[in-house]
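Undergrad: Sending over a structure as structure tokens; questions will come in a sec.
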Amino acid sequence: MNFGDLEPEQRDALIFAGLDFIGSKEPITIVDPEITAETRRESYDAAKQDAAARRRVILEILSGSGGMTAREIAAELHQRGITPSDERNYSAPRLTELKAAGQIEVTGKKICDRTGRSVAVWAVKEVST
């Protein structure tokens, strides 16, 4: 099937996807939108589970410390083999979620070893009795 044999909306879909099938002898399949919706949903569900697991580990890490920065927590996650690097963005979103849930709080600030900037120190929120 040649590119020119396709219906206009099929050509537009291929052009939009950045594909060039001019002169291709391979059959062209237009992806069903339901498949992409399904794969997005599966990815979202997996990410949601990963985030919940990471929040639990972060609470565990913070419970055994006197307080840590997002970067220090990310380094610990990486050292435990949970994340592929020690990039702080592996911990920062989870810290925001845990703070919103009332489980952790900012207890101070300190100078980051890497950036030289002032950063928040996080700790498990003490329960008032």
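Undergrad: Calculated FRET efficiency, residue 45 and residue 113, Cβ-Cβ r, R0 22 Å, to nearest 0.05?
TA: 0.05
Undergrad: Please report, in Å, the Rg and the Dmax of the stretch 31-124, where both are computed over Cα atoms only.
TA: Looking at the stretch 31-124, its Cα Rg and Dmax stand at 15.7, 52 Å.
Undergrad: Compute the separation of the alpha-carbon centres of the stretch 32-104 and the stretch 112-128 and state it in Å as a whole number.
TA: Centre-to-centre distance over Cα atoms comes out at 17 Å.
Undergrad: So for the pair residue 38, residue 89, with labels modelled 7 Å out along Cα→Cβ, what separation do we get in nm?
TA: 3.0 nm
Undergrad: Then there's this: Counting other C-beta atoms within 10 Å, and keeping those with at most 16, which DSSP coil GluC sites (Glu not before Pro) do you find in the stretch 39-125?
TA: 87
FYI, it's all coordinate maths here, none of it is from the lab. None of the values given here were measured: they were computed from a predicted structure. A quick note on method: Cβ atoms are made from the backbone with ideal geometry, for glycine too, and the neighbour counts reach across all protein chains shown.
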